[in-house]
Structure formats: C-alpha cells, structure tokens
Amino acid sequence: MIDLDPTELDTRIWNEELADFVPDRVFDVHTHIYRWAFDLDPNRATGPFADNIGKYFPEVTWELADQVDATLMPGRRMERLAFPFPFPHPCDFDGSNDYLAGEVQKGRNSAGLMLVHPGMGAAEIEATLRRTGHLGFKPYRFYSVTGDAVQCRITDFMPEHQIAIADRYGLIILMHISKRDAIADRENIDDIKRLSAKYPGAKWILAHCARSYSAWAIEQAAAEIRDLPNVWYDTSTVCESDALDALYTGVGVDRVMYGSDDMIGPMRGKYVAFGKAWSYLSPTNHAMSLAHCDPRMTYIRYEQLRAMKRGARQIGLTTAQREALFYGTARALVDSVTPLA
C-alpha cells in the first residue's frame, strides 16, 4: 500500500497553497470503490493492474477513502459519488455493484453508480438499480463492442438502449470518452450533442475535463458543447492549469465539479501535457539530478488542486463559485436523481 504519511513538502504545499482554496465541504464526484478480486482474469497477478491496484490498493473500502481524504485534505467534510473500478472482461459486475452498494451505505449523503457493459439489457439493469439504489451508470471503453478501447465511439460501449434508461429515470452517466483527440474528436462532439438532445433526461458527467488533460482539446470543442443543459464535467486528475482555465472559461465554471479519481490522488507525481499528448510523470520515470531545487514529488491530488486554483485566476472565482465547484453543483445534481423503487 502507498505510504500516505505527508512529507514536510506536502504539508507546506497544503498550508501555503491549498488550505485556503478548498472549502470546508467537498463533494467528490469521481471515487472508485472496489476489490481487485472482482478482476476475474486468471492471470491478474501478472496483468496490467498488478503493479498499481494489486500492489497499492487491492481493496478500497469507504473507510480507506475517508482515511485518504483526511490525510490529504484535513478537516474537510466529504461526500462522494462512487463507482466500481472497470476491470476488463472478465469482470465480476454483480460483485462490483453489490460491494459498492454496501460501502456507500457507510457514507454520509453519498451515492453510487452502477458499472455496466453493453450486453446488459433493460431488465437486468433495472433489477440491479433497484437492488443497489445506485443513481446511474459507469460505462467504460474497455467494454466496447468493437474490441477497440482506444478509438471507439460513445455508443460502442454505452448503447442507446442503456442511455434510454437513464433518460427515462433521470439518471447520471459518468462518461470517460475514448479516441486519441478526446472531446476534440469530431465524432465525440457530434455524439454528445446528439445523445444529450435525444435523451434530455439523462445527466452526463464527462470525466477528466472531458479527458482534456491538456488545454487544446477542450479549447477546440467548448464552443459547440458549452450550452448543453444536461452535461457537466469533473476535474479528476487533470494537473495542467491551462486545461482547467480552458474548461472554466469554455463551458462555464457552473458546469464543473471536483473529482479526485481515488486511488490515484495519493500517488506521487503529476500528469503532464506535451504536444497532443499527456503522460504520468512519477518519482521513478524521470531523472533526479535536480540539485538546484527540491526534487521531491507531492501527491497527484495536490498537483490537481494547484491546477484548479491557478486555472481560476483569469475568472477570479468568488467564494460562492468556489463552494459550488467543490460542493454545491454536485450536491444539486445528485439530489436531482431519485433511486428506482
């Protein structure tokens, strides 16, 4: 498991840069609650998640999420929108969704989203929603019917018969869009515009600033998607201040909500943008010959919060806007959804 103990550098960054930015109440709309055991790959011990999930956080309970938040954001009152980790097939979907339901019950004023794959029909989905009380869906590109998890379209892994259920009941869809150009891809822009209009009752959250880890993607798309009334955005793990600035100014800060992407936040490093790409810079994948400065890395969450703060300089967040960014917008969105009886 990752060592959560803050270093002197972490404490300085929190006290000097972030403590006055993060409000007392925080609603995290992007939290993973899971067990590695729900990855049913018989070779998972040597698979793609062995060196991160298997090594650091093989089981995430509500208590562990509370511990991480209490360490990284001391004194804050946390509420969450949580969902399972989307392990590739074979994945225990029922186990994932039922486990999440039990953990969410431990939280105060929190909610969960159901992990779905395209083969699930309406009867199975509605039965799971009624059994678990989840308020919507977490699809993922790994489950694309095309077999291509990189260049698939939204409906390749979130088919319209499932979106129609979200529309009928006013449910949330937490969408991690695919394609190399993310939200700047022409098909993604066309799809989210068409689907949000055709299914106005569905409530979309586009994760990771619509997967704009660098500014150019949201800069290209913002003019076309900014007025979609049932689309919101979360800030999870985006560490570039200009990307946050582009999101705030491009779609409106009133459509943006804080997300952490735990258990990424307590890892050390930063997601950095370059060219038309981005990558994870870690303590072990770069040169450390930085004698002229402090070479230590802080938490990814602190780099994200720094970006959220500095990205807001241009618009000059009011206290009310800052509180809405971290709490009010998400609270209102979740409160707008009624669990299936």
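The values are calculated or read from the model by the stated rules, or taken from the named source; none is laboratory data. Worth saying up front: this structure is predicted, and the values here are computed from it rather than measured. Cβ placement follows ideal geometry from the backbone for every residue including glycine, while neighbour counts extend to all protein chains displayed. In case anyone asks, the SASA skips ligands and DNA or RNA and just uses the protein heavy atoms, side chains included. Shrake-Rupley method; radii C 1.70, N 1.55, O 1.52, S 1.80 Å.
Determine, yes or no, whether Asp148 is part of a loop (DSSP other than H, G, I, E, B), over 19 Å from Asn230 (Cα atoms), of a type in the set (Asp, Glu) and modelled with pLDDT of 95 or more.
Yes.
Scan segment 104-131 and report the pairs whose first residue is free of Cβ contacts under 8 Å to residues at least 60 places away in the same chain and under 30 Å from Asp69 (Cα atoms) and whose second residue is assigned to a helix (DSSP H, G or I) and aliphatic (A, V, I, L, M), with Cβ atoms within less than 7 Å and a gap of 6+ or a chain change.
Ser110/Val104; Met114/Leu129; Val116/Ile125
Any residue at all in segment 195-209 that is under 25 Å from Phe274 (Cβ atoms) and either open to solvent by 10 Å² or more (accessible area, probe 1.4 Å) or in contact with a Phe, Trp or Tyr (Cβ under 7 Å, 6 or more places away or on another chain) (or both)?
Scanning segment 195-209, I find at least one residue that is under 25 Å from Phe274 (Cβ atoms) and either open to solvent by 10 Å² or more (accessible area, probe 1.4 Å) or in contact with a Phe, Trp or Tyr (Cβ under 7 Å, 6 or more places away or on another chain) (or both), so the answer is yes.
Any idea which of Ile189, Ile177 is among the β-branched types (Val, Ile, Thr), in a helix (DSSP H, G or I) and either closer than 15 Å to Arg153 by Cβ or at pLDDT 95 or above (or both)?
After applying the criteria, what remains is Ile189.
Kindly evaluate Ala287 against the criterion of being assigned to a helix (DSSP H, G or I), over 17 Å from the mean Cα position of the chain (by Cα) and without any contact (Cβ under 8 Å) to a residue 12 or more places away in the chain.
Considered against the rule, which asks whether it is assigned to a helix (DSSP H, G or I), over 17 Å from the mean Cα position of the chain (by Cα) and without any contact (Cβ under 8 Å) to a residue 12 or more places away in the chain, Ala287 comes out as no.
Across segment 210-239, what is the total count of residues that are buried (at least 24 other Cβ atoms within 10 Å of the Cβ) and among the acidic types (Asp, Glu)?
Counting residues in segment 210-239 that are buried (at least 24 other Cβ atoms within 10 Å of the Cβ) and among the acidic types (Asp, Glu) gives 1.
Within segment 265-281, is even one residue assigned to a helix (DSSP H, G or I), free of Cβ contacts under 8 Å to residues at least 40 places away in the same chain and of a type outside the set (Gly, Ala, Ser)?
Checking segment 265-281: not a single residue is assigned to a helix (DSSP H, G or I), free of Cβ contacts under 8 Å to residues at least 40 places away in the same chain and of a type outside the set (Gly, Ala, Ser).
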